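Peer 1: The structure is given below, and queries will be raised subsequently.
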Amino acid sequence: MARVVRCDRSRPYLIQVGGQNVAICACGLSKNKPYCDGTHKITRDEEAGKIYAYDEQRNRIVVQVTDENGNTVTLPAETVDE
């Protein structure tokens, strides 16, 4: 089953584990989840208000969401504390 997961953050979460800094993926694109592999860098020029999808080769497309009648759907904004 396909699933859309909303990721609004364009940088990793940095945490300390056993005295070491660890970067945790927050963009959703890392191929080494839960760890960051630097892929978030390709999201830096995304425009606010647009929805993007990435394929396995990390090619980006702009996505338009429509309902069953073909009407454009605006997804609700989410508040994220960064």
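Peer 1: What are the residue pairs meeting all of these: first residue in segment 56-68, first residue over 22 Å from residue 31 (Cα atoms), second residue in a strand (DSSP E or B), Cβ atoms under 9 Å, and 6 or more apart or on different chains?
Peer 2: Listed pairs, sorted by first residue: 64/51; 64/72; 65/51; 65/72; 66/72.
Peer 1: Could you check segment 49-58 and list, in sequence order, the residues that are among the basic types (Lys, Arg) and at pLDDT 90 or above? Before you say what the answer is, go through the steps one by one.
Peer 2: First, the residues of segment 49-58 that are among the basic types (Lys, Arg): 50, 58.
Answer for segment 49-58, where residues must be among the basic types (Lys, Arg) and at pLDDT 90 or above: just 58.
Peer 1: For segment 30-72, how many residues meet the condition of being part of a loop (DSSP other than H, G, I, E, B) and exposed (fewer than 10 other Cβ atoms within 10 Å of the Cβ)? Break it down into steps so the answer makes sense when it comes.
Peer 2: At the first step, the residues of segment 30-72 found to be part of a loop (DSSP other than H, G, I, E, B) are 30-34, 36-38, 44-50, 55-59, 64-65, 67-71.
Applying the additional criterion that residues be exposed (fewer than 10 other Cβ atoms within 10 Å of the Cβ) yields 44-45, 47-50, 55-57, 59, 64, 67-71.
Residues that pass the stated criteria total 16.
Each row is one residue, and each column tells you yes or no for (1) at pLDDT 90 or above; (2) among the basic types (Lys, Arg).
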| site | (1), (2) |
| --- | --- |
| 7 | no, no |
| 36 | yes, no |
| 41 | yes, yes |
| 47 | no, no |
| 60 | yes, yes |
| 65 | no, no |
| 75 | no, no |
| 80 | no, no |
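Peer 1: Something else about it: State whether the residues of segment 16-25 include one that is touching a Ser or Thr at 6+ places or on another chain (Cβ under 6 Å), surrounded by 10 or more Cβ atoms within 10 Å (Cβ to Cβ) and in a loop (DSSP other than H, G, I, E, B).
Peer 2: So far as segment 16-25 goes, no, none of its residues is touching a Ser or Thr at 6+ places or on another chain (Cβ under 6 Å), surrounded by 10 or more Cβ atoms within 10 Å (Cβ to Cβ) and in a loop (DSSP other than H, G, I, E, B).
The values are calculated or read from the model by the stated rules, or taken from the named source; none is laboratory data. Because the structure is a prediction, the values reported are computed rather than measured. Don't worry about glycine lacking a Cβ; one is built from the backbone with ideal geometry, like all the others, and counts go over all protein chains shown.
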